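Working notes for the structure below.
The values are calculated or read from the model by the stated rules, or taken from the named source; none is laboratory data. Nothing here was measured: the structure is a model prediction, and the numbers come from that model. Counting neighbours? That spans all protein chains shown, and the Cβs are built from the backbone with ideal geometry, glycine included. What goes into the accessible areas is simple: the full protein's heavy atoms, side chains included, and nothing from ligands, DNA or RNA. Shrake-Rupley method; radii C 1.70, N 1.55, O 1.52, S 1.80 Å.
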Amino acid sequence: MQNTPEEPTPIQNSQVALPHTRLLTQTGDIASSLVEGADRFLLNEIEKAEANRSQYWKRDYSTASTYNASLQANREHLANILGIRDTRVPFDSPELIATLTHPALIAEGANYRVYVVRWKVLEGLNSEGLLLTPKRGKPKANLIAIPDTTQTPEQIAGITTGTPPEAQYARRLAESGCAVLIPALISRREHPQYSKLNYREFLYRSAFELGRQLVGYELQKVLAGIDWFAKTDSKTKIGVIGWGEGGMLALYAGALDTRIQSTLVSGYFDNRNASWKEPIDRNIFRRLERFGDAELASMVAPRALTIEVCKFPEQTVPGGRGAPAEIVTPSLTSVQGEFAKATRYLQDFAKKPTLSLVVSEGGKGLFGTQEALQGFLSELGVPLAENGVPPHVKAELPNALQRENRLITETDDFNQNLLRASANIRNEYMKHLDKSTLSKYKESVEPYRTDFAKEVIGQFDTPLLPPNTRTRLAYEAEKWRGYEVVLDVFPGVIAYGLLLLPKDLSPNEKRPVVVCQHGLEGRPQHVIGKEGYEYYKGFAAELANRGYITFAPQNLYLFTDRFRTLQRKANPLGKTLFSLIVPQHQQITDWLKTLPNVDSERIAFYGLSYGGKSAMRIPPLVKNYCLSICSADFNEWVWKNASTHTPYSYAFTGEYEIFEFDLGSTFNYAEMAALIAPRPFMVERGQFDGVSSDEAVAYEFAKVRHLYQAQLGIGGRCEIEFFAGPHTINGKGTYAFLAKHLHWK
């Protein structure tokens, strides 16, 4: 064990800067300023995305068919980011759910019957709900009515209490002679085992990691119903209607499926630039890059769309284990602004499509108004019947809680089946790597590096600013001096860290650099002194004592929800925290290379915990790093994020920002290490570290060793050290690894 290092002496009010840099005069918490600047940058990028969407749209208004054809690429992209990737299972008709004591027919209205049904969606995933059918004759229209997550199918059908009679839109549509299929949605009730984590977020987490969405699964249930309607009765028109979450699903469905002739979106339509405040199960990676609600509305055209402005299903989701969120009713002005944009997108049609805005009591009234339902049905050629009375209940009603539990279990099982298949998907994805020679490998890995940068991490097109380097002497130790360093990266975004320079440097001597990265809620100061020593062992200072130049950057993962909401703001843009962290490290290493005592070919990365996550994501994209060491994090990463059957999983914890879209199909840690290769790579693993098990770490590392040793013939560049310790820097094998590959004694 190393001895606890002597605490470096802080230097107050220093006026000493590094040569060729400006004096750093900034006061206060620079780390807080860094996070604040990143926040402002992302909010600005969201505004810019709205202005830049036109580049993705080449609408052809000449005919309905040419217009639909011109939207095809956007429809495919929307389906992909919604996770609609799995083939739906065809079925003859919904199944009646009944037993000898519980009949499927549970209620009757004046001219319709209500059945409890289930229908197939994906292999292993079903939908359950109600089917309302006319007692006599053919349905005037075939409709799917989608409730909010706060409602049950029985409530909007008027069978149970909870929805005002005048807002029971499924019942009113059945009274008008339509067949109405109502899927049950999964609610946001709290998971009984994991406080402050609701079921929708719980299921979203695994799905998101595997390239799917809970929203996408529920859309598949709607689309499966449309499949059935279209197959059994191709001449009867189809419509989709919903409120709240149901309104969101109706809008997506109308945008995706041209078989829907009329769509009614109630209690959802708005400008989505603040979607990062909404429940995280609505988080769609890359959504705002192309699609605001106005763009989705334009995809429904030239078919009919009615937007009802009413009170939203307001909800506050507490923070804690899950992501804090809220659903609020927007101002009428906000909705009207988004509607006006949609109208402008359609102004070049010779015959204007039906796009209607219905306002309920100034935008604060009940949903399912007479005017909205009339507008919706008129496009289907169906008159709205007079508001009747609730149906007569004939049998015991479905147990809504048991039904929801079945839906939850099936969704979780579907995610876990995807997880089990994901390794084969990644193998297929990586099959174009040419491992016959190192030169061919380096060439063939570049397209994967580009995919990783653009599709997984997310890459801003913003060029790096001149660094405008500001420094000041901040710490004095026996063998080194420490300087605070601030560099400009993007407008308003800085990089900040501590540079430790050994005192025995000769004027023209070139030495290796080790960039020492802290973990979650850490600071550069934690890796140079006694604070945080139980984790970091002062490793930046220890390496400086051994003669290395070291740099300890401040990464963004600090201040709990302040940084986690950065991920919320980045994701709809197709970006992540590392979309900012990677350019920060590019700027840091570019600047380090200019220092007179730095050997630009010997800059290494060594990170613990979240710094270990950084070790897997930054060196693949910052080629200035000549090697990478991942400490206290290396894992079967996709399993750790998506599995709900292991205590190591992030599926249950408070790190709601940790999930990365579609890693399951692309880059687990072995594949990320393949982007580091053929540069040296090492894993440091404490055998009592609770982040994972030795078995899972060894399993994933075996793939990396096989690549380096068996396929590329460079086994000496790849190592793992298991030590009998916890979540900490060990500093034995890793220090030897640094000395070996940085050629430093």
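Go through (1) surrounded by fewer than 23 Cβ atoms within 10 Å (Cβ to Cβ); (2) under 21 Å from residue 734 (Cα atoms) one by one and return the number of the condition residue 558 breaks. Failed condition: (2). A Cβ distance below 7 Å, combined with a sequence gap of six or more or placement on separate chains, defines the contacts here; from segment 509-528, residues that are among the polar types (S, T, N, Q) reach residues that are open to solvent by 10 Å² or more (accessible area, probe 1.4 Å) in the pairs 525/531.
Select from segment 294-318 the residues that are over 29 Å from residue 190 (Cβ atoms) and acidic (Asp, Glu) and list them in ascending order. Don't jump to the end; show me each part of the working.
Going residue by residue through segment 294-318, those that are over 29 Å from residue 190 (Cβ atoms) are 294-309.
Matches in segment 294-318: 295, 308.
Mind checking which pairs have a first residue in segment 481-495 that is more than 16 Å from residue 556 (Cβ to Cβ) and open to solvent by 20 Å² or more (accessible area, probe 1.4 Å) and a second that is charged (D, E, K, R) and part of a loop (DSSP other than H, G, I, E, B), Cβ under 9 Å, 6 or more apart or different chains? Close Cβ pairs satisfying both conditions: 481/503. For beta carbons closer than 9 Å, sequence separation of 6+ or different chains, a first residue in segment 450-467 that is more than 18 Å from residue 613 (Cα to Cα) and in contact (Cβ under 8 Å) with a residue 24 or more places away in the chain and a second that is open to solvent by 40 Å² or more (accessible area, probe 1.4 Å) and assigned to a helix (DSSP H, G or I), the qualifying pairs are 451/429; 464/586; 464/590; 467/590. Of the helices (runs of 4 or more DSSP H) entirely within segment 261-361, those holding at least 1 residues that are out of contact with any helix residue (DSSP H, G or I) (no Cβ under 7 Å at 6 or more places or on another chain), surrounded by fewer than 17 Cβ atoms within 10 Å (Cβ to Cβ) and free of Cβ contacts under 8 Å to residues at least 60 places away in the same chain occupy 332-345. Tallying residues that are within 23 Å of the chain's Cα centre (by Cα), small (Gly, Ala, Ser) and over 20 Å from residue 619 (Cα atoms) within segment 417-458 yields 3.
Conditions (1) of a type in the set (A, V, I, L, M, F, W, C); (2) without any contact (Cβ under 8 Å) to a residue 12 or more places away in the chain, marked per residue:
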site	(1), (2)
602	no, no
617	no, no
627	yes, no
641	no, no
644	no, no
649	no, yes
669	no, no
686	no, no
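For (1) under 30 Å from residue 123 (Cβ atoms); (2) at pLDDT 95 or above; (3) of a type in the set (A, V, I, L, M), each residue gets a yes or a no:
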residue: 345; (1), (2), (3): no, yes, no
residue: 353; (1), (2), (3): no, no, no
residue: 356; (1), (2), (3): no, yes, no
residue: 371; (1), (2), (3): no, yes, no
residue: 384; (1), (2), (3): no, yes, yes
residue: 411; (1), (2), (3): yes, yes, no
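Residues in segment 520-529 that are part of a loop (DSSP other than H, G, I, E, B) and either at pLDDT 95 or above or open to solvent by 10 Å² or more (accessible area, probe 1.4 Å) (or both): 5 in all.
Could you tell me whether segment 364-376 includes any residue that is open to solvent by 70 Å² or more (accessible area, probe 1.4 Å), in a loop (DSSP other than H, G, I, E, B) and touching a residue at least 12 places away in the same chain (Cβ under 8 Å)?
Of the residues in segment 364-376, the ones open to solvent by 70 Å² or more (accessible area, probe 1.4 Å) are 364, 370-371, 374.
Now drop any that are not in a loop (DSSP other than H, G, I, E, B), which leaves 364.
Checking which are touching a residue at least 12 places away in the same chain (Cβ under 8 Å) leaves us with 364.
Yes, the conditions are met somewhere in segment 364-376.
Checked against (1) farther than 29 Å from residue 326 by Cα; (2) within 37 Å of the chain's Cα centre (by Cα), residue 193 passes all but condition (1).
Taken together, 449, 426, 406, 470 contain a single residue that is more than 19 Å from residue 660 (Cα to Cα), open to solvent by less than 60 Å² (accessible area, probe 1.4 Å) and not β-branched (Val, Ile, Thr), which is 470. The set of residues in segment 509-540 being touching an Asp or Glu at 6+ places or on another chain (Cβ under 6 Å) and under 26 Å from residue 564 (Cα atoms) is empty. Take the conditions open to solvent by 40 Å² or more (accessible area, probe 1.4 Å), of a type in the set (Gly, Ala, Ser) and farther than 30 Å from residue 113 by Cβ and apply them to residue 381. Does it pass? Answer is no for this residue. When residue 487 is tested against (1) in contact with a Ser or Thr (Cβ under 7 Å, 6 or more places away or on another chain); (2) more than 22 Å from residue 38 (Cβ to Cβ), just one condition goes unmet, and that condition is (2). Residues of segment 126-148 that are open to solvent by less than 10 Å² (accessible area, probe 1.4 Å) and assigned to a loop (DSSP other than H, G, I, E, B): 141, 147, 148. In segment 149-173, the residue that is most open to solvent (accessible area, probe 1.4 Å) out of those that are hydroxyl-bearing (Ser, Thr, Tyr) and under 15 Å from residue 391 (Cα atoms) is 161. Mind checking which residues of segment 173-188 are charged (D, E, K, R) and under 19 Å from residue 415 (Cβ atoms)? Within segment 173-188, 188 is the sole residue that qualifies.
Of the listed requirements (1) at pLDDT below 95; (2) surrounded by 13 or more Cβ atoms within 10 Å (Cβ to Cβ); (3) among the small types (Gly, Ala, Ser), residue 110 misses just one: (2).
Looking for something open to solvent by less than 10 Å² (accessible area, probe 1.4 Å), in contact with a Leu (Cβ under 6 Å, 6 or more places away or on another chain) and at pLDDT 95 or above - is there at least one such residue anywhere in segment 611-619? No, every residue in segment 611-619 fails to be open to solvent by less than 10 Å² (accessible area, probe 1.4 Å), in contact with a Leu (Cβ under 6 Å, 6 or more places away or on another chain) and at pLDDT 95 or above.
The test for being open to solvent by less than 70 Å² (accessible area, probe 1.4 Å), without any contact (Cβ under 8 Å) to a residue 12 or more places away in the chain and touching a helix residue (DSSP H, G or I) at 6+ places or on another chain (Cβ under 8 Å) holds for residue 60. Restricted to helices (runs of 4 or more DSSP H) entirely inside segment 174-256, those with at least 3 residues that are open to solvent by 10 Å² or more (accessible area, probe 1.4 Å) and either touching a Pro at 6+ places or on another chain (Cβ under 9 Å) or farther than 24 Å from residue 79 by Cα (or both) are 214-232. Could we say that residue 436 is without any contact (Cβ under 8 Å) to a residue 60 or more places away in the chain, farther than 30 Å from residue 31 by Cβ and open to solvent by less than 40 Å² (accessible area, probe 1.4 Å) here? No.
When you scan segment 264-278, how many residues do you find that are of a type outside the set (A, V, I, L, M, F, W, C) and touching a Ser or Thr at 6+ places or on another chain (Cβ under 9 Å)? Reasoning before the result, please.
If we filter segment 264-278 for residues that are of a type outside the set (A, V, I, L, M, F, W, C), which is where we start, we get 266-268, 270-273, 275, 277-278.
Next, from what is left, pick out any that are touching a Ser or Thr at 6+ places or on another chain (Cβ under 9 Å): 266-267, 270-271, 277.
Total meeting the criteria: 5.
Looking at segment 501-519, which of its residues are farther than 21 Å from residue 10 by Cβ and open to solvent by less than 60 Å² (accessible area, probe 1.4 Å)? Outline the logic, then answer.
Residues of segment 501-519 that are farther than 21 Å from residue 10 by Cβ, as a first pass: 504-515, 517, 519.
Hits for segment 501-519 are 505, 506, 509, 511, 512, 513, 514, 515, 517, 519.
If the condition is being within 23 Å of residue 689 (Cβ to Cβ), part of a loop (DSSP other than H, G, I, E, B) and out of contact with any Leu (no Cβ under 6 Å at 6 or more places or on another chain), then segment 530-571 contributes 530, 531, 532, 537, 538, 555, 558, 560.
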